[in-house]
């Protein structure tokens, strides 16, 4: 299988940004949610100039605030948590939206697919996460079996406690993208170099 696109989320330190760029991360995620232990100041994100795609993670901010932060920080995409509807996604810009879904909250696979289909035209990407809602980074692992028998046409990221130990189970789903956060940390927002290198070393075997 081809190596999936890799997003490392919850960046709070420049040294972690530099390490992820060195290792070959394709996207870096920065959380703009005051209640998150990984919340960052826009000035820090604006100072990150690496050439790597920058994603802002937003929970319940208004479209106006999101667009202002995106412009100020030079963000390429907005990852939306919090149940934003189709019109909201369209106001941010379909090519700029990564819309988060939580498969465990659906009563059936059919219901999940129906929602994904409804959002397909207003989202550039989907992100399928563990848990039920919020900013992510909980460390919970997604139930991989939920995704074994569905086909998703929109490019998507798999998230939810991904770490060196469960990476192969995640790769078995052949996801186009991986979103890595709490599973490679020694503490909230503090990336663990050993775990990060283990992830990227494994992925290098797929190239």
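The values are calculated or read from the model by the stated rules, or taken from the named source; none is laboratory data. Not measured: the values here are computed from a predicted model. We place every Cβ from the backbone using ideal geometry, glycine too, and count neighbours over all the protein chains shown.
The table for this structure:
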{"quantity": "Leading residue by the ranking (nearest to residue 197 (Cα to Cα)) among those in segment 20-40 that are over 17 Å from the mean Cα position of the chain (by Cα) and not in a loop (DSSP other than H, G, I, E, B)", "calculated": "23"}
{"quantity": "Enumerated helices (runs of 4 or more DSSP H) restricted to segment 84-192, each holding at least 1 residues that are closer than 25 Å to residue 16 by Cβ", "calculated": "167-171"}
{"quantity": "Whichever residue in segment 77-97 is surrounded by fewer than 18 Cβ atoms within 10 Å (Cβ to Cβ) and at negative phi and, among such residues, is modelled with the lowest pLDDT", "calculated": "94"}
{"quantity": "From the options 120, 159, residue that is surrounded by fewer than 17 Cβ atoms within 10 Å (Cβ to Cβ), modelled with pLDDT of 90 or more and in contact with a strand residue (DSSP E or B) (Cβ under 9 Å, 6 or more places away or on another chain)", "calculated": "120"}
{"quantity": "Some residue of segment 128-149 being surrounded by 14 or more Cβ atoms within 10 Å (Cβ to Cβ) and modelled with pLDDT of 90 or more", "calculated": "yes"}
{"quantity": "Tally of residues being surrounded by 15 or more Cβ atoms within 10 Å (Cβ to Cβ) and assigned to a loop (DSSP other than H, G, I, E, B) across segment 41-64", "calculated": "4"}
{"quantity": "Single residue of 74, 51 found to be at pLDDT below 95 and at positive phi", "calculated": "51"}
